[in-house]
Each structure stands twice: as structure tokens, then as C-alpha cells.
Amino acid sequence: MHTESNYLISYGKARVPLYRVYAKPLTNVPPIPESAFTGRPNILFAAEIDTEVFGQNFLPAYTEGDNTNVVATDSMKNFILRHALTFEGATLEEFLDQLGRQFLKTYVQMERIRLTGRELPFTAASVPQGEHGFGESDVLFKRTNDDFTQVSLTFERADNTLLISDHLCSRMGLQLLKVTGSSFTRFVRDAYTTLPERVDRPLFIYLDVAWKYSDPAAMLSSYVPSEQVRDVILTVFHEFVSESIQHLVHEMGQRLLTRFPQMAEVSFDAQNRTRDPLGESETDSRVKVYSDPFPAYGLIKLTLTRKQ
Ligand SMILES: O=c1[nH]c(=O)c2[nH]c(=O)[nH]c2[nH]1
């Protein structure tokens with residue numbers, strides 16, 4: 001006996017790691033004033049891929065133990081790795097676009113699929129180059145815990161074609177500390193307020209930024225590299241004297257919408273990780289020491305959508 005229920009179900013494989021070597025270099029990226037980034041060699045193309053299958057036709061697997069419409073998640077892992085070998089593109093967006101279409105073409109059992117890719121960041125080692133000083137190795141790469149690209153694409157069937165029904169591109173995990181040139185003053189003061197007004201504070205933020213294209217096809221034809229998005233964020237933070245994180249992310253969002261006309265929307269998740277001042281030099285007021293604050297952190301969000 002089962003109680004009559006509504007079901008929301010999905011299944012898939014999470015965090016399939018792949019390390020593809022000698023992928024196609026990314027070249028001819030149009031330069032922007034805030035960034036030196038115009039491409040990358042892709043000697044090492046490393047990412048983690050998640051698959052999530054949605055629909056109702058595999059509900060019998062849950063309710064009756066009938067796996068007729070279930071694709072083993074182990075096969076999904078093999079499918080991803082096999083296609084990584086033949087991938088001829090240069091971006092995570094292209095890889096997920098091809099992979100999503102191939103999944104739905106191969107498996108009629110899948111109604112809708114969401115693929116998420118997270119770059120595993122590596123940087124080329126800096127090595128001596130004879131008389132030319134130091135330069136980037138073309139064989140040795142160093143795994144970093146740096147910020148990274150993340151892309152999520154959802155594919156579904158429509159009549160006889162496949163379409164991207166949702167997408168989100170992002171740069172995740174930025175951790176930025178600006179030592180001077182940020183303030184936070186004139187906020188509500190009452191019996192609960194202990195925070196002093198700070199005209200100049202060392203602003204430390206954790207930041208994720210995400211964007212959507214007006215037309216998802218522009219992801220391939222008019223690609224926005226997350227490295228350039230990161231560099232726009234760094235430039236704005238460097239230049240702008242903000243009154244708050246709210247003020248800062250708004251300025252970043254406006255600059256991104258101006259710089260990239262193909263973006264329809266940009267959104268931010270910012271955490272305030274500013275440290276508490278613990279000491280100041282008596283001889284040089286620029287010299288200060290900070291330490292960890294109370295462990296809870298401020299959370300600031302913003303979504304900017306281009307007006308039609
Ligand atoms: O930039 C900030 N925004 C806030 O909303 C806030 N609140 C707070 O205590 N410190 C800060 N800093």
C-alpha cells in the first residue's frame with residue numbers, strides 16, 4: 001500500500017573529473033580595457049562534470065523498482081569521458097553544449113538533462129627560459145585553489161529539435177582583500193549598534209558572479225570568458241571607493257552590462273569577510289594589524305537585469 005503522492009525526481013552522476021590534454025587553444029577573444037586576457041592554450045583542460053536527468057518516465061524505478069527507463073549513472077560517467085577525448089572545442093560552454101545534445105540524441109529515455117561543469121584550475125609553472133628570463137612551462141601545471149569558471153546548461157526536447165531551456169555562466173570563489181579605499185558609514189544606529197563607522201576599512205569579500213546571455217546561442221558565437229569577467233571585477237574593486245559592498249557590487253554589475261552587450265543579466269553573491277582592527281602603528285598610521293572577526297558573515301546579493 002502506497003500513500004498517493006506527488007513526485008519530484010532526478011538522478012545523475014556528480015563530480016566526474018576529467019583531465020583532457022591538448023584541447024584546442026582558445027584564440028581571438030576580443031580584448032577589453034580591463035583585461036590582458038585574449039585566450040588560453042588549453043594544453044590542460046580540466047573540469048568536473050555533474051549530470052542530472054529530469055522527467056517522469058523513470059518514476060517506476062522509484063515506485064516499482066522498474067529500471068527500464070534508467071540509464072546507469074556509471075554509463076553517464078563513461079559517456080562524459082569518451083566525449084572528452086573527441087571534444088574539438090575550446091571552452092567549457094562548448095563542451096557542455098555538445099555533451100548535452102549527444103546525451104539527448106543517444107538516450108530517448110532522457111526527457112531533460114542539466115549539465116554543470118566546474119573548471120579545475122591549474123596555472124602553468126614559471127620556469128627559466130634560457131636568455132629570455134622566466135616564462136610559462138608548456139608541460140608543467142600547478143593545481144591552484146583559485147577562483148574558477150562554472151557553467152550550468154539545461155537541455156530539453158521541443159518538437160524535433162533540442163534546445164537549451166536554461167543556462168547560467170559564472171566565476172566562482174573570488175576572495176579579494178582591498179587594504180584601503182572602502183568605507184561603511186551612516187547606517188542605522190540604535191541600541192543594538194556596536195559597529196563603529198569606518199571611513200576606511202580593509203574590505204575582504206568572498207564573491208561569486210553569474211550571468212545569462214540574452215540569447216543562449218551567443219555563449220558559442222559571442223563568448224564571454226570568465227577570465228575577463230574576473231578582470232572587470234578586479235579593476236572596478238581596485239578603482240572604486242565604495243560606501244558598502246552593496247555599492248561595490250552594483251558598480252561591478254553596471255560595468256559588466258556595459259562591457260558585454262550580450263549579457264541579459266548579472267548577479268552577485270558576496271560575503272563580507274572583513275577583519276577587525278586590532279592595532280595601529282604610532283609612527284605610520286597606514287600600518288595596522290587585523291584579526292579574525294566573529295565567525296558569522298554579512299551576505300549581500302544583487303541581480304541586475306537589462307531593461308528591454
Ligand atoms: O558593506 C557592508 N554592507 C553592510 O550591509 C554591512 N553591515 C555590516 O555590519 N557591515 C557591512 N558592510
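Values in this text are rule-based calculations from the coordinates and carry no lab data. Please read all numbers here as calculations on a predicted model, not as lab measurements. When we count neighbours, we look across all protein chains shown, and the Cβ atoms used for this are built from the backbone with ideal geometry, even at glycine.
Tabulated data for the structure shown
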{"item": "Alpha-carbon radius of gyration plus Dmax, which is the widest Cα pair, for the range 100-175 in Å", "result": "19.4, 62"}
{"item": "The range 9-158: relative contact order as a whole-number percent, Cα under 8 Å and 6+ apart", "result": "24 percent"}
{"item": "Cα-centre dipole for the chain with unit charges at Cβ (Lys and Arg positive, Asp and Glu negative), debye to 20", "result": "140 debye"}
{"item": "Nearest-0.05 FRET efficiency for residue 246 and residue 160, computed from C-beta distance (R0 41 Å)", "result": "0.30"}
{"item": "Long-range amide H partners of residue 275 with built H, under 5 Å", "result": "204"}
{"item": "Against the rule of thumb 2.2 N^0.38 Å, how large the Cα Rg of the range 53-110 comes out", "result": "1.31"}
{"item": "In Hz, Karplus ³J(HN,Hα) per residue of the range 14-28 (6.51, -1.76, 1.60; θ = phi - 60°; x = Gly, Pro)", "result": "10, 6, 7, x, 9, 10, 9, 9, 6, 7, 5, x, 8, 10, 6"}
{"item": "Listed residue pairs exceeding 20 Å between alpha carbons, taken from 212/307; 77/105; 178/212; 142/178", "result": "178/212; 142/178"}
{"item": "Geometric extent, Cα atoms of the range 9-158 - Rg, Dmax (angstrom)", "result": "18.9, 71"}
{"item": "The chain, Cα convex hull volume normalised per residue, Å³", "result": "222 Å³"}
{"item": "For the range 266-274, 3J(HN,Hα) per residue [Karplus equation, 6.51 cos²θ - 1.76 cosθ + 1.60, θ = phi - 60°, Hz, x = Gly/Pro]", "result": "9, 9, 10, 10, 10, 10, 8, 10, 4"}
{"item": "Nearest-20 debye value, the range 224-308 charge dipole, Cβ charges on Lys, Arg, Asp, Glu", "result": "420 debye"}
{"item": "Built amide H within the under 5 Å cut-off of residue 120, gap 5+", "result": "46, 47, 48"}
{"item": "Euclidean distance of C-alpha centroids, the range 106-148 and the range 1-65, integer Å", "result": "16 Å"}
{"item": "Of 219, 206, 256, farthest towards positive along the dipole that unit charges on Lys, Arg, Asp, Glu beta carbons give the range 173-308", "result": "219"}
{"item": "Two-site label geometry, residue 62 and residue 38: point separation in nm, points 7 Å out along Cα→Cβ", "result": "5.2 nm"}
{"item": "Residues whose placed amide H lies under 5 Å from that of residue 165, excluding near-sequence neighbours", "result": "154, 155, 156"}
{"item": "Alpha-carbon gyration tensor eigenvalues x 5, square-rooted, for the range 29-73, Å", "result": "45, 13, 7"}
{"item": "By average C-beta atoms within 10 angstrom, highest first, the peptides 140-150, 276-286", "result": "140-150, 276-286"}
{"item": "Cα-based shape type of the range 185-265, given that a ≥ b ≥ c are square roots of the gyration tensor eigenvalues and the cut on a/c is 1.5", "result": "prolate"}
{"item": "The range 72-215: proportion of alpha-carbon pairs further apart than 20 angstrom, %", "result": "67 percent"}
{"item": "Burial ordering of 45, 240, 187, fewest other beta-carbon atoms within 10 Å first", "result": "187, 240, 45"}
{"item": "Under Karplus coefficients 6.51, -1.76 and 1.60, residue-wise ³J(HN,Hα) of the range 38-45 in Hz, glycine/proline x", "result": "10, x, 8, x, 6, 4, 10, 10"}
{"item": "Residue exposure sequence - 63, 194 - by fewest surrounding Cβ within 10 Å", "result": "194, 63"}
{"item": "Ranked by how many other beta carbons lie within 10 Å on average, peptides 241-247, 30-36 from highest", "result": "241-247, 30-36"}
{"item": "Gap separating the Cα centres of the range 160-197 and the range 283-308, nearest whole Å", "result": "8 Å"}
